[in-house]
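Quick notes on the structure that follows.
The values are calculated or read from the model by the stated rules, or taken from the named source; none is laboratory data. Just so we're clear, the structure is a prediction, and the values are computed from it rather than from any experiment. Don't worry about glycine lacking a Cβ; one is built from the backbone with ideal geometry, like all the others, and counts go over all protein chains shown. In case anyone asks, the SASA skips ligands and DNA or RNA and just uses the protein heavy atoms, side chains included. Shrake-Rupley method; radii C 1.70, N 1.55, O 1.52, S 1.80 Å.
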Amino acid sequence: MDKILALLFVILLGISPLSCKSKANSSNTPEKIKVGAEAMQEYLPLLKGKRVGLVINHTSTIGETHLLDTLLSSHVNVTAIFAPEHGFRGDADAGAHIDNSKDAKTGISIVSLYGKNKKPSPEQIKDIDILLFDIQDVGVRFYTYISTLHYIIEAAAESNKPLIVLDRPNPNGHYVAGPVLEKEFKSFVGMNEIPVVYGLTMGEFAEMVNGESWASKAKCDLTVIKCKNYDHTSKYDLPIKPSPNLPNAQSIYLYPSICFFEPTQISVGRGTDKQFQVIGGPDKNLGNYHFIPTEKPGAHNPVNKGVDCYGLDLTKVDAFANGFDLNLLFDFYNKFEKKSSFFTNEKFFNLLAGNSWILKDLKAGKSVEEVQEKWQADLTAFKTLRKKYLLYPDFE
């Protein structure tokens, strides 16, 4: 009886039962996709009898169990933990200084790779036989987990230490877009000459950095443990939020576009429950949506704290399909009353953009189409390079 009622409900909505089934089967889910960490039979033999250094954070899990606990229960000799931005537990603010510490549960030393010490020193890894990297990324150039991976590859090559990367899906891995970083704008929010959205998993990115000798002239001994049932058309909802202000899939899809507002007077929703899903500023002509940022965990001093902000609620837009889009930035700049104060840190904006000409063209009144045309040649060249390092079927 319940099945009959369910069928009638579907028919009343005008949806074919067969189309419902087809849609469900066409989209990979976290339950169907197997991350590299789950393929323990492939990497545990490589760790046997070795002193292991883990580059991990709160996203490094197998199911609901942290990778550290799984390895220790499998009698792997973990001697050190290296943690990226946001810390080992993933709860620190963006840009917050993180000190070295010890894991309260196991007593293992935790070395912070965010702050002055972004790359493990030879001293810090001299007593390690092998490095194991497992961190969930979001596939955007200025999200700093790939910068940490770059430095890990460099340190591994320089100290002749093998590196294993346990791969995970890229939630923005279904396309490639944006300006390619220019060398003179290299920073921790952009280490390599890649576009804003580069369409590679961490494993593929590691293969590219190593293969192109971007981190070190000497290549490191790299092993990538691949995901199962994943390709670059997969829609993958992260089971754990990768950082405090990327709480869901919508925020992750919008992040490549909205992050350009960070060095401006515009709030990106930090200090609200819609981080990277709303944008707004003090000008009422920016939009009809209203919010007030407040101090919250992971956002201790958000932009426009306590200020009435007006703008847009982007929670319902199809951000997965829309992809990277500069129209929001250009539209808000053009509507902003005091344009001279729109940007709060132009140098940082240029580091995010990977060049200086987007800012100049925006101020000069150029259109988004004119700006996008400038990066097409470099983007096409990157797409050709990218194909050399793909480990999974592509979207083209």
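Tell me, what is the per residue accessible area of region 196-248 in Å², probe radius 1.4 Å?
36
Among rounded, prolate and oblate, which fits region 209-281 when a ≥ b ≥ c are the square roots of the eigenvalues of its C-alpha gyration tensor, a/c under 1.5 means rounded, and a/b larger than b/c means prolate?
oblate
What fraction of the DSSP beta bridges in the chain is antiparallel, stated in percent and rounded to the nearest 5?
50
Per residue, how much accessible surface does region 326-396 expose to a 1.4 Å probe? Answer in Å², no decimals.
54
Which peptide among 171-181, 111-121 comes first, and what is the full order, when sorted by highest mean count of other Cβ atoms within 10 Å?
Those peptides, ordered most packed to least, come out 171-181, 111-121.
To the nearest 10 square angstrom, how much accessible area does residue 240 have with a 1.4 angstrom probe?
Probe radius 1.4 Å; accessible area of residue 240 about 50 Å².
As I understand it, the dipole of region 314-378 uses +1 on the Cβ of Lys and Arg and -1 on the Cβ of Asp and Glu, about the Cα centre. Which of 365, 376, 317 lies farthest toward its positive end?
The Cα lying farthest towards the positive end belongs to 365.
Rounded to the nearest 0.05, what FRET efficiency do residue 108 and residue 186 give with R0 = 35 Å and r taken as the Cβ-Cβ distance? Could you check?
That gives a FRET efficiency of 0.60.
Per DSSP H run of n ≥ 4, the term is -39500 (n - 2.57); total these for the chain, divide by its residue number, and report the mean residue ellipticity at 222 nm rounded to 500 deg cm²/dmol.
Calculated at 222 nm, the ellipticity per residue is -9000 deg cm²/dmol.
How much accessible surface area, in Å² rounded to 10, belongs to the heavy atoms of residue 261 with a 1.4 Å probe?
Here the residue's solvent-accessible area equals roughly 0 Å².
Remind me, relative contact order of the chain in percent, using alpha carbon pairs under 8 angstrom and six or more residues apart?
Across the chain, relative contact order equals 15 percent.
With a 10 Å cut-off between alpha carbons and a GNM built on the chain, which of 232, 300, 150 moves the most?
Highest fluctuation of the listed residues: 300.
For the chain, give the percent of accessible area contributed by carbon and sulfur heavy atoms, probe 1.4 Å, rounded to a whole number.
Result for the chain: 52 percent of the exposed heavy-atom area is carbon or sulfur.
Taking the alpha-carbon distance from residue 374 and a cut-off under 27 Å, which lysines remain once sequence neighbours fewer than 8 residues away in the same chain are dropped?
183, 186, 335, 339, 347, 360, 363, 366, 383, 387, 388
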